[in-house]
Structure formats: C-alpha cells, structure tokens
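Single-structure report; data block below.
Where a number appears in this text, it was derived from the coordinates with a stated rule and is not lab data. Quick caveat, the model's predicted, so the values are computed rather than measured. Cβ coordinates were reconstructed from backbone atoms using ideal geometry, including for glycine residues, and neighbour counts include every protein chain displayed.
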C-alpha cells in the first residue's frame, strides 16, 4: 500500500472519509481534509541499490465552517500522524491558521515529515 493510501486510511475516520489529495470537490460536506506532498529527503545508497525506505513532506489541511472544530481536528490529525503504526511521522512546524471568508471556511495547515516503506 502506498504512503498516500496509508494517509487516507489514517485520516478517513476523523471526517467520515472526506479526505482528498490537493483539493476537495465543490460542495463537499464539512469538515474535510486535504493533503499534498511537497518534496522530501532523497535517499541515495553508495551501492546503487534501491532503498527500502522513502521520505516525503506532506501538507495536511483541515477545513470547516467552525473554528473550534478545526482546532479539535488539527489536534487529532497531529496525534494520528505521531502515533501512526504504518509509517513514522513528526510535525515540521506548528499549525498555521487559514481562512477563506468568501467560502465561510476556517482552516489549519500542518506539515509533517513521513518515513515509510517503499
């Protein structure tokens, strides 16, 4: 299973499966989570072998119409990543608040470094 599939499986129970790579479709019920990979550390072995592990930097966003709900879900997301059984992850920075006033959305952006099997 890919690390992306593992992230979907990890986060889905928090928002009844409303977890999307990149962006959520118009009209998605709130709250929901979006995520994207934005690089990672490259492993290059001297022996020219393919490494067994891979690293990725993942941005995870939680969106809701209620700021309290966003705060609660952000804590749950952080805990889920830190305690994940299928990969090793840690936060890279503290969560950043976001909002989209035209859409009536509150959000939090979190960034994690994730090590997983290839």
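The label point for residue 28 and the one for residue 45, both projected 7 Å from the Cα toward the Cβ, are 3.7 nm apart. With the helix formula -39500 (n - 2.57) applied to DSSP H stretches of n ≥ 4, the chain reaches a computed 222 nm mean residue ellipticity of -6500 deg cm²/dmol. At a Förster radius of 22 Å, what calculated FRET efficiency corresponds to the Cβ-Cβ distance of residue 59 and residue 118, to the nearest 0.05? My answer for the efficiency is 0.55. Judged by the mean number of other Cβ atoms found within 10 Å, the most tightly packed of the peptides 31-41, 45-55 leads the ranking 31-41, 45-55. Axis of helix 67-82 versus longest Cα principal axis of the chain: the two differ by about 10°, to the nearest ten degrees.
Bridges between two residues of the range 8-83, per DSSP, are antiparallel at a rate of about 65%. Note: relative contact order over the chain, using C-alpha pairs below 8 Å and six or more positions apart, is 26 percent.
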